[in-house]
Amino acid sequence: MKAICWMGTEDVRIQDVPEPRILNPRDAIIRITSTAICGSDVHLYDGYIPTMMSGDILGHEFMGEVVEVGPGVRNLKVGDRVVNPFPIACGACFFCRSEMHSLCENSNPNAWMAEKLWGHSPAGLFGYSHMLGGYAGGQAEYVRVPFADVGPIKVPDHLTDDQVLFLSDIFPTGYMAAENCNIQPGDTVAVWGCGPVGLFAIASAFLLGAERVIAIDRFPERLRVAAEKCHAETLNYEDTDPQESLREMTGGRGPDACIDAVGMEGHAHGFFGTYDRVKKTLRMQTDRPTALRQAILACRNGGTVSIPGVYGGFVDKIPFGAIVNKALVIRTGQTHVQKYLRPLLDLIQQGRIDPSFVISHHLPLEDAPYAYRMFRDKQDECVKVVLKPGAARNRPAPTVAAAGQPLH
Amino acid sequence: MATDPAETTAGMIPPTPGYERSPGVEPPVLHPAPTQLAQRPRPFRVTPGRAVGWAAAGTALAAVFAPRRLANPAERNITLIAFVATVAAVDVAVNLRKTARSRISSRSHAYELLEQSVVVDKPPSECYAFWHDLRNLPRFMPLLESVEDLGSGRSHWVLNAPAGVRLEWDAQITRDEPGRLIGWRSLPNSNLAHAGVVRFEPAPGDRGTVVRVVAHYQPLMTLAGKRFARFLHSNPDARVREDLRRFKQLLETGEVATTTGQPSGPRSLVGRAINKWSQV
């Protein structure tokens with residue numbers, strides 16, 4: 001079958017690989033109908049996540065049709081149309097039973113690697129480094145899903161792939177980020193980053209009762225989506241100082257909650273931007289916490305900083321004094337997707353949200369190398385790419401070079 | 001614990017925290033294995049390489065520390081020889097001491113202690129019953145080729161250790177308290193002289209069972225080998241920790257999480273080597 005493989009930094013390729021098979025009783029095999037490139041895949045593309053090996057199949061946002069089930073899977077049958085959550089969770093351990101599925105103790109066969117870096121291991125993830133399980137991902141024609149009796153959710157036929165695909169990661173991730181803010185009526189929420197997760201965080205904050213949401217980015221097309229589709233007020237940090245503007249927009253008090261939907265590859269002008277780039281180049285820090293710093297400083301006293309953005313290792317110059325003296329609440333974590341699948345599917349069915357608004361590109365699976373480059377460099381007003389295995393090309397294959405030179 | 005090796009009964013394990021917590025378990029007597037896997041220290045020898053090293057180090061030290069005013073060539077040579085001789089003497093002394101010390105330690109109480117634990121979300125009785133059925137052990141100890149029950153608490157074990165080493169031993173259950181603990185030790189003529197106990201302690205707050213393994217074993221590797229194995233997460237401590245993790249997975253989920261057999265794109269040479277290693 002065809003699969004998108006990580007072959008090195010800034011090098012993903014389409015490869016012919018064997019089809020997956022059932023390895024454990026609770027496995028299922030899914031034929032992929034839609035899969036997406038996630039912002040966190042860009043961290044893999046740029047080589048910032050350790051323990052990737054060339055040949056690893058990428059992709060953790062996918063959905064499709066069940067084609068085979070193991071003897072331990074009773075709730076799914078061949079032909080079911082399912083969306084699959086990106087964390088792999090057993091459903092039986094202490095954390096799964098506490099609805100903290102992304103902390104499952106039983107799904108990471110390489111838990112020791114994560115323990116060396118983080119002290120303890122979270123759940124295994126699809127296509128996201130060997131430290132997090134080394135599971136083959138879903139940017140392929142078929143994928144093996146472990147604990148298939150716990151993860152995948154059946155979706156009704158009248159909803160399109162584009163409407164339900166993002167239940168696999170970014171919609172629950174944005175929703176959990178907003179939920180972590182403990183939003184009260186009248187609250188103002190500021191969101192750094194108007195990528196797909198940031199957009200879902202904005203939409204979810206409104207769903208959870210926020211009065212105002214202020215979105216911060218530098219790409220006009222993304223700010224436009226935030227304003228037009230999500231009804232957020234917008235700030236372009238190339239034009240204004242976000243901290244000063246947020247202060248003025250909130251009467252000097254600051255937003256009640258701040259969401260960092262940027263993560264480890266933040267971008268900034270001025271001293272800190274240069275400082276982080278130098279330190280990261282010298283391998284003296286692994287992540288660039290630009291948005292996190294701003295969120296901590298901008299947040300009101302006693303407010304909440306919620307971090308759905310991915311950080312992998314070590315960061316520098318975090319204003320911890322501000323966290324302590326302003327009595328901030330910090331909430332973060334990989335998304336407990338399994339917990340949110342049912343309630344968020346209900347929201348989609350009720351028509352309260354149509355997640356397909358974030359999609360900017362539909363491409364055949366084979367165009368993934370071009371799509372990664374385009375998405376990373378925000379070319380062609382790219383916000384979210386959906387890949388379709390088996391889709392016919394209606395034009396010549398674009399080359400990676402066609403995605404242009406990096407902007408940063 | 002006796003510090004003078006002469007006072008220690010040869011082959012006896014010193015008492016450990018694990019045993020102190022389990023009154024009634026006597027420190028088991030270990031017999032020397034027929035194949036001596038623990039590498040003997042190499043006797044100290046003066047090799048040409050070592051002599052060159054002395055000369056180089058002595059000359060360097062002389063260049064730095066010798067009095068500058070020695071104009072007479074004979075005096076300079078004598079000084080140089082004195083420096084080289086001092087370096088050689090210090091090196092010989094240090095090495096003889098090291099050799100002597102390792103001889104003592106390999107003769108008597110050089111057994112290694114291992115302690116690992118895991119929380120399993122099942123009651124102690126269930127954990128005990130699963131472990132007590134010896135047929136279950138190879139399901140979570142992948143290095144075990146077989147365990148054969150010989151009756152009356154005795155069993156025969158075959159283990160395929162990394163690097164093609166095959167270990168066999170007979171074990172005797174020394175203590176068996178249903179729902180609480182199982183103690184065992186290897187019998188004479190074992191490849192792997194060891195003794196251990198696995199305890200099933202109720203976790204606080206009714207959160208299942210703390211399964212804790214405490215064991216003593218005859219050292220299998222040199223110091224360098226041990227460090228290398230630890231780096232690869234393949235030393236005995238790591239192996240037991242992974243065994244316990246798989247034990248937990250089997251009891252809680254009915255299967256062991258794996259990716260062995262899944263597809264991948266072409267691997268690099270290093271990737272293929274790692275895959276090969278991780279499957280032993």
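Each value in this text was obtained by applying a stated rule to the coordinates, not by laboratory testing. Predicted, not measured: the structure shown is a model, and the values here were computed from it. Cβ atoms come from the backbone with ideal geometry, glycine included; neighbour counts cover every protein chain shown.
With an 8 Å cut-off on Cα pairs and a minimum separation of 6 or more residues, tell me the relative contact order of chain A in percent.
Worked out over chain A, it gives 16 percent.
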TODO: Give the residue from B:Val270, B:Leu251, B:Val240 lying farthest towards the positive end of the charge dipole for segment B:238-280; charges sit on Cβ (+1 for Lys and Arg, -1 for Asp and Glu) and the dipole is referred to the Cα centre.
DONE: B:Val270
Open item on the list: Within 10 Å of each candidate Cβ there may be at most 12 other Cβ atoms; applying that plus a DSSP loop requirement, which trypsin sites (Lys or Arg not before Pro) in segment B:144-216 survive?
Closed with: B:Arg207
Open item on the list: Can you list which of the DSSP-assigned H helices in chain A have a Cα extent of 24 Å or more along the long axis and an average Kyte-Doolittle score of at least 1.0?
Closed with: none
Task: Partner lysines for B:Lys98 [C-alpha distance under 24 Å; skip if fewer than 8 residues away on the same chain] - done: B:Lys226
Open item on the list: Once you place label points 7 Å from the Cα toward the Cβ at A:Thr281 and B:Thr260, how far apart are they in nm?
Closed with: 4.5
TODO: Tell me the Kirkwood hydrodynamic radius of segment A:41-104 in angstroms, computed as one over the mean inverse distance between distinct C-alpha pairs.
DONE: 14.5
TODO: Give the Cα extents of chain A along the principal axes, in whole Å, largest first.
DONE: 60, 45, 44
- [ ] Express in whole angstrom the spacing between the alpha-carbon centres of segment A:4-40 and segment B:211-261.
- [x] 29
Open item on the list: What percentages make up the Cα-Cα pair-distance distribution of segment B:185-280 when the bins are 10 Å wide from 0?
Closed with: 12, 30, 34, 20, 5
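Could you give the alpha-carbon Rg of segment A:85-206 over 2.2 N^0.38 Å, rounded to two decimals?
1.18
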Task: Distance between segment A:75-97 and segment A:267-292 - C-alpha centres, whole angstrom - done: 38
Task: Loop-exposed trypsin sites (Lys or Arg not before Pro) per DSSP, neighbour cap 11 Cβ within 10 angstrom, longest uninterrupted part of chain A - done: A:78-282
TODO: Note down, for segment A:170-332, the three equivalent ellipsoid semi-axes (square root of 5 times each alpha carbon gyration tensor eigenvalue), biggest first, whole angstrom.
DONE: 23, 17, 15
Open item on the list: Let me confirm one metric for peptide B:265-274, namely the mean number of other chain beta-carbon atoms within 10 Å of its residues' beta-carbons.
Closed with: 5
Task: Net charge of neighbours whose Cβ lies under 11 Å from the Cβ of A:Val164, counting Lys and Arg as +1 and Asp and Glu as -1 - done: -2
Open item on the list: For A:Lys77, give me every one of the aspartates and glutamates with a C-alpha distance below 17 angstrom, ignoring sequence neighbours fewer than eight places off in its own chain.
Closed with: A:Asp27, A:Glu65, A:Glu68, A:Asp149, A:Asp157
Open item on the list: Treating segment B:111-253 as a set of equal point scatterers at the Cα positions, no solvent, please give the Debye-formula log₁₀ I(q)/I(0) at q = 0.17 Å⁻¹.
Closed with: -0.99
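Can you give the longest run of chain A that contains no GluC sites (Glu not before Pro) sitting in a DSSP loop with at most 12 other Cβ atoms inside 10 Å? All intermediate terms of the calculation are to be shown ahead of the outcome.
On the way: sites that count: A:Glu99, A:Glu238.
In short, A:239-408.
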Task: Span per principal axis, largest first, for the Cα atoms of segment A:173-263 (Å) - done: 30, 29, 24
TODO: Work out, in µm²/s and without decimals, the Stokes-Einstein translational diffusion coefficient of segment B:234-275 at 4 °C, 1.567 mPa s, Rh from Kirkwood over C-alpha pairs.
DONE: 104
- [ ] Give the percent of DSSP beta bridges with both residues in segment A:92-242 that are antiparallel, rounded to the nearest 5.
- [x] 0
TODO: Can you run the Rg to Rh ratio on segment B:121-203? Use alpha carbon positions and the Kirkwood inverse-distance Rh.
DONE: 0.98
Task: Projected-area mean, the protein assembly as shown, by convex hull of Cα positions, square nanometres - done: 40.7
TODO: Sequence neighbours fewer than 8 away in the same chain don't count; with that in mind, list the lysines whose C-alpha is under 16 Å from A:Lys280.
DONE: A:Lys317
Task: Charge sum, other residues only, whose C-beta stays under 10 Å from B:Pro219's C-beta, Lys/Arg counted +1 and Asp/Glu -1 - done: 0
Open item on the list: Beyond a 22 Å Cα-Cα separation, which of these cross-linked pairs lie in this structure: A:Lys229/A:Lys339; A:Lys279/A:Lys326; A:Lys116/B:Lys248?
Closed with: A:Lys229/A:Lys339; A:Lys279/A:Lys326
Open item on the list: So if the hydrodynamic radius of segment A:1-107 is defined as the Kirkwood radius over C-alpha pairs, what does Stokes-Einstein give as its diffusion coefficient at 4 °C and 1.567 mPa s, in µm² per second?
Closed with: 83
